[in-house]
Amino acid sequence: MKTTLLYEEHGLRRFVLVLDKGEEACRAIGDFAAENHITAASLTAIGAASDATLGYFDPETSSYVSTVFEEQMELASCLGDIADDHGKSALHAHVVLGRRDSTAVAGHLQKLHVFPTLEVILTESPAHLRKRLDPATGLALIDPASSAGA
């Protein structure tokens with residue numbers, strides 16, 4: 001992965017991350033956030049993947065149902081955030097992937113292998129986003145009340 005700091009002022013940093021062929025996107029982005037002490041950020045990305053695992057949260061079972069797609073796809077859209085989850089940087093992203101026949105699949109990003117590239121714009125916030133366990137779902141969700149600046 002190649003990275004560049006694009007902007008830094010008043011506690012806000014913006015980076016571009018360009019992932020290499022074969023890299024696993026969630027791991028690479030998560031490692032970058034941890035190494036740079038990023039606990040509050042938004043991100044967007046475009047690129048392509050050789051395979052991906054997407055999740056769907058099933059409220060009846062309070063768990064994710066995963067689907068693996070083993071085919072070349074375009075990453076048409078990726079929106080996400082990074083927040084503090086008990087002292088660790090936690091990535092949460094949703095993607096839309098375009099298939100060869102121009103249909104799309106979408107869901108919670110669990111795993112994605114880059115091919116040939118993935119371009120991520122990561123914008124850090126000067127505030128801290130903190131996740132707290134939601135007892136109703138069992139998920140760690142951003143808690144605005146405990147986030148700095150809220």
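For this structure, a couple of remarks:
- Taking a straight line from the alpha carbon of Lys2, these lysines sit under 23 Å away, with near neighbours fewer than eight places off in the same chain left out: Lys21, Lys88, Lys111.
- Residues with amide H under 5 Å from that of Ala41, placed H, sequence gap 5 or more: Ile82, Ser125
- Given in Å, the Rg to one decimal and the Dmax to the nearest whole number for the Cα atoms of the chain are 15.6, 45.
- Annotation for Glu8 and Thr137: the two label points, set 7 Å from Cα along the Cα-Cβ direction, are 3.4 nm apart.
Taken together, the values in this text are just the output of simple stated rules run on the coordinates, not laboratory data. None of the values given here were measured: they were computed from a predicted structure. Here the Cβ is made from the backbone with ideal geometry for all residues, glycine too, and neighbour counts use every protein chain on show.
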